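The block underneath contains the structure these notes are about, expressed in structure tokens.
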Amino acid sequence: MKLNLRQLKGFDDQGYLFLPSCFSDEEVAALRSEAEAIYKTDRQEVWRETTGAPRTAFAAHTYNEAFRLLSRHPRLVEPLRQLFGEEVYVHQFKINAKAAFEGAVWQWHQDYGTWARDDGMPEPRAMNIAVFLDEVMPINGPLMFIPKSHKAGTLEAGHDTATTSYPLWTLDNDTVARLVREAEPGDGRPGIVAPTGKPGSVLMFHGNLVHASPPNMTPYPRKIVYLTLCAVSNHITQFNRPEWIAHRDFTPIEPVADDALRQFARSYRVAAE
Ligand code: SIN
Ligand code: MN
């Protein structure tokens, strides 16, 4: 799947791209039920909120077939090869739960801020691809973006190790307020967007795009997979974090066939019947 000129321009201007219905209900149902099973396991890769609810499961693509197929899926890999003009590898893989009633905040940050400071990634030539496993609504802790903030470079940040169970390089309120003001379109709309959509929708966003998400106070879970792909020539140079958080295998991804996940979902459903 290649991005068209309108999509390339939209990404360059706004810093993100929304692709509704990228994966079918059948494909997403299999991923969702695998994610739920993973959250029940007692693995070191599954991090929990302070309440014990799952927060994020790292590296599921290394031990789970459905997520292995997703991490190599051409609908995700090809657009990034196109954007970076070279082969890509998996830098990180997370399934974020944002559990009903318990999913906590993700403070304002830039992903590349962490990859640069913690992992020694040379350039912001890596980005997150979010795959919605549940419906993301305005009410259940959606991702919030400050459009155009990817043009601000890598901003100063403080290392927040206290607010949540996950350490993050976060931005101060004055910086966020300034960027939001600059992003206001001038027609009364705010300088923050929260793309919402059905399960199977995909959001690709620049490594320097400033984003956050509020807590989920609703009974509706909001599971999102984040596949972080990095240009191979831009691989990380510091190994401070565990291998299952910041991967050290820089082998270019060999994409699977476009129907690989669909085939998996079919056999999975048959096995359950
Ligand atoms: C992230 O920014 O890495 C995660 C945000 C979220 O899942 O809400
Ligand atoms: Mn992030």
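Points to keep in mind about this one:
- Magnitude of the charge dipole, the chain, Cβ model with Lys/Arg +1 and Asp/Glu -1, debye to 20: 260
- Working note: 222 nm ellipticity from helices only, DSSP H runs with n ≥ 4, each -39,500 (n - 2.57), summed and divided by the residues of the chain, gives -8500 deg cm²/dmol to the nearest 500.
- Think of the chain as a dipole: +1 on every Lys or Arg Cβ, -1 on every Asp or Glu Cβ, centred on the Cα centre; then among A257, T50, S24, S24 lies furthest on the positive end.
- What the chain shows is 43 Å² of accessible area per residue, with the surface traced by a 1.4 Å probe over protein heavy atoms.
- Rounded to the nearest 0.05, the FRET efficiency derived from the C-beta distance between S21 and K151 at R0 = 35 Å is 0.75.
- Computed over neighbours whose Cβ is under 11 Å from that of P252, the net charge equals -2, Lys and Arg +1, Asp and Glu -1.
- Mean sequence separation of contacting Cα pairs (under 8 Å, at least six apart), scaled by the length of the chain, corresponds to a relative contact order of 33 percent.
- Largest first, the residues R81, R189 sort by 1.4 Å accessible area into R189, R81.
- Long-range amide H partners of H91 with built H, under 5 Å: T228, L229, C230
- Other residues with beta-carbon under 14 Å from the beta-carbon of Y39 carry, at +1 per Lys or Arg and -1 per Asp or Glu, a net charge of +2.
- Modelled spin labels at K40 and M217, positioned 7 Å past Cα toward Cβ, are 3.1 nm from each other.
- Rolling a 1.4 Å probe over the protein heavy atoms of the chain, with every protein chain left in place, gives an accessible area that is 53 percent carbon and sulfur.
- When all protein chains stay in place and ligands, DNA and RNA are ignored, the 1.4 Å accessible-area order of M127, M137, largest first, is M137, M127.
- Magnitude of the charge dipole for segment 1-111, about its Cα centre and with charges confined to Cβ atoms of Lys, Arg (+1) and Asp, Glu (-1), is about 80 debye.
- Taking 0.36 nm per residue of separation and subtracting the current Cα-Cα distance, fully stretching the chain between E243 and S267 would add 5.5 nm.
- Listed residues N128, T218, I38: farthest to the positive end of the dipole of the chain (Cβ charges): T218
- Computed lengthening from L5 to R178, 0.36 nm per intervening residue step minus Cα-Cα distance: 59.3 nm
The values are calculated or read from the model by the stated rules, or taken from the named source; none is laboratory data. Small disclaimer: the values here were computed from a predicted structure and weren't measured. No Cβ is skipped: glycine too gets one built from the backbone with ideal geometry, and neighbour counts run over all protein chains shown. Remember, those area values only see protein heavy atoms, side chains included, never the ligands or the DNA or RNA. Shrake-Rupley method; radii C 1.70, N 1.55, O 1.52, S 1.80 Å.
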